Every structure is written in structure tokens, then in C-alpha cells.
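Data block below; observations after.
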Amino acid sequence: MMTSVIGAMERIPRVPLATLPTPLHEARRLRDALGGPDRCPRILLKRDDLTGLALGGNKARKLEFLVTDALRGGATVLVTTGGVQSNHARMTAAAGRMVGLPTSLVLSAAPGEREVQGNLLLDRLLGAEITFVEPPRDPMKLTGPDEAAALAELEARLRARGERPYLVPLGGSTPLGVLGYVAGALELEGQLEAAGARPERLYVACGSRGTAAGLVLGARLAGASYAVRGVAVSGGDPASTAFAVEIANGAAELLGSDARLTPDDFETDQSQIGPGYGRSTPASLEAIELLALTEGVLLDPVYTAKAMAGLVADIRAGAIDPAATVVFVHTGGQAALFAHAAELAVATGRVGGRDGSAR
Ligand SMILES: *Cc1c(COP(=O)(O)O)cnc(C)c1O
């Protein structure tokens, strides 16, 4: 099974943009902090925060396939969308530069949230053209009400200038983008085999769902030992899961595989969303501090801190056998830390305030 999947994968063209394979390493001090081997499973960190593309993250894997598609279609500009601190937008802008294409972004943010910091600073540095739209009225949502119209308008404006825009949908979550995480799951499987590890579960943050879709399909195709546990950072279920199924099955078709997933193949923890997308919770702030102090690993406030909070909650509840191994996929996002500095300063009491003073 594994060799035929790898073969099918290799027949689909992709430009190398990410630094791969990303490391897989054991978080021993984190395990000790969570009660040691008597109470806490062995935790392996899959470091997809180290993929490169102007500070790394999961979108790099998807963009290898999406940007290839753009180039093959003769695109002259990449277009995508997201929140003001979108990692996907920043990585799309970086990917564009790597292949010689400019990027035009539609970002949703209230006028008071447009401080040039974090990902927005990097978007500007990468020379992306930016159109702002109002943020979603519902904090559980990823996209704002004006986004589709703004995108259509932007595309029309670009075409009128003689450009050929290529639209990368929200989060790069399309069947083609999903292939990035099918490949990621295959990469992980090789590393687990080499390490002699048979994890029981894999934890990953879920937003637009392409990452989870690719990991679940990849795990199925590779005959992996683990179940994927997605941790939602925004609302939208059951529609979001239905979407994950649709794009995963689209990816299976692209691979010529007759594997088909159903909603039952997706397990999504909804308990860590808190007040909404991009809004911290006590548990997410604790997770950021915990990983920094035990492993020197930086989580991001929007995605990976909530996913880690989900893992920590399951460990504390005794929901995972301490003799088991779990994988945590670190999907990146650290650039957003700088846009949340004030919140982190208050939560940790350790990070300096605006004047740089540290307690
Ligand atoms: C986009 C993103 C995710 C979620 O991935 P989806 O494929 O959108 O579900 C997780 N972590 C980080 C840091 C991201 O930028």
C-alpha cells in the first residue's frame, strides 16, 4: 500500500518550497512536567513549524502543490485571503516570491486591528498588495461577510490590469492542497518506522481543515497506527467536517485511490475554542508558557496553543494510556506571537511590557 501511494504522490508535480523532512523529536521535559511516565504518554513533536517559507508552518506543504498548479496555468499573480494575522497569507506571499510571482491579499480586520506587526508586517515586507475587509461578525467564524465580494472585485481589477490571477482558497484547503498533508503523513510514517514508534494518537490544530483532511487520508493510505484527533480553533461543525471529507475524497481521487472517508473518520475536539477564533483562553496561554519553559519550543496563540491545550487536557483527564505514544504536529504560526505581545505579557507576568521592562 505504502509504496503505491508514494508512487502516486511522486507522479503529481510540485515545486519544492518547504524544508523537508521536518524533525520529529521527543518532548521529555514536557512529559516530566505533565506527571512523568506514570501519568503522561510519550510525546513526539512533529516540527512543521520548521518548514521555512518566511518563518515556517503547515501551509508550506500545501503551497508546493498549489503554486505548481498556478505556474502550470500561467498565473501572473497569486491571490488569497485570511485574517489580518493569517499565516497562510504570509506563506503564500513568501511562496510567490520564491517562484517569482507577486501576491495580492484580502485580509479581514477591524480598523483598530491593523497594526503592522507579526504576519501583517511580513506580508508588507514580502511586498504583498493588501485589501482590507471587515472581520466576521461571529467570532467563531474564519471569514468575514464581505470577503467573497472583495475577492471577486480584486480578481476583476487584476484581470483589467492584464494580470492572470490564481486564487488560493482559504487556508489552501482544496483537494490539491490536501495532498501536501498526505505527503506529510507519509513522511511521518517513515520517521515513526525508523524510530520504532507506534503512536496511538496524533494531535493537530484544525482551522480550514485541509491539514486534518490530509493527515487522516494519509494515515489511512499508509496504514498508520494512530487516530488523528483534530482540535478545533474555530466553530462551524458539522459543516467543517463535511468539508474535510469532501476535500479528502477529492485528494484520494487525484491520487487514483479508491479510498473514501466519511464524517466518522474525523474526530474533532471542540472544547478549546473559547470565545472564538484568534482569542486566547487561560488553557492556551498556559500551553504557550509550558512549551516555552520545558522544551524551548514556541507555540502560536491562535492554533497550536489551543491544540496543545487539548492534548494537555486529555492527559490530565487520564484519557491517554501513559504507556502509549502520541504525536503532536506543530503547525507553526509563531509570527502571530508578536501581534499578541500585550496579552502574553499579562498572562505570563514574565514577558516585558510595552516599555520592555520584564518582571
Ligand atoms: C492554518 C493553520 C492551521 C490549521 O490548518 P488548516 O489546514 O487550516 O486546518 C494550524 N496551525 C497553524 C499555525 C496554521 O497557520
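Suppose only helical runs count, i.e. DSSP H with n ≥ 4. What mean residue ellipticity at 222 nm does that imply for the chain under -39500 (n - 2.57) per run, divided by all residues and rounded to the nearest 500 deg cm²/dmol? Before the final figure, lay out each step's value.
Working: 12 runs with 149 residues, N = 359.
Calculated from helices alone, the mean residue ellipticity at 222 nm is -13000 deg cm²/dmol.
May I ask for the distance between the Cα centers of the range 279-328 and the range 138-214, given as a whole number of Å?
22
Have a look at the range 194-332 and give its Rg and Dmax from the Cα atoms, expressed in angstrom.
15.2, 45
Just the number, please: percent antiparallel of the DSSP beta bridges in the chain, rounded to the nearest 5. If you can, show how the numbers build up before the last one.
Working: 3 of 36 bridges.
Of the beta bridges lying entirely in the chain, close to 10 percent run antiparallel.
Checking the cross-link filter: which lysines have an alpha carbon closer than 19 Å to that of Lys46, excluding same-chain neighbours under 8 positions apart?
Counting by Cα, and skipping residues close in sequence, Lys46 has these lysines nearby: Lys59, Lys62, Lys306.
All of the numbers you see were taken from the coordinates with simple rules; none came from a lab. Because the structure is predicted, anything quoted here is derived from the model rather than measured.
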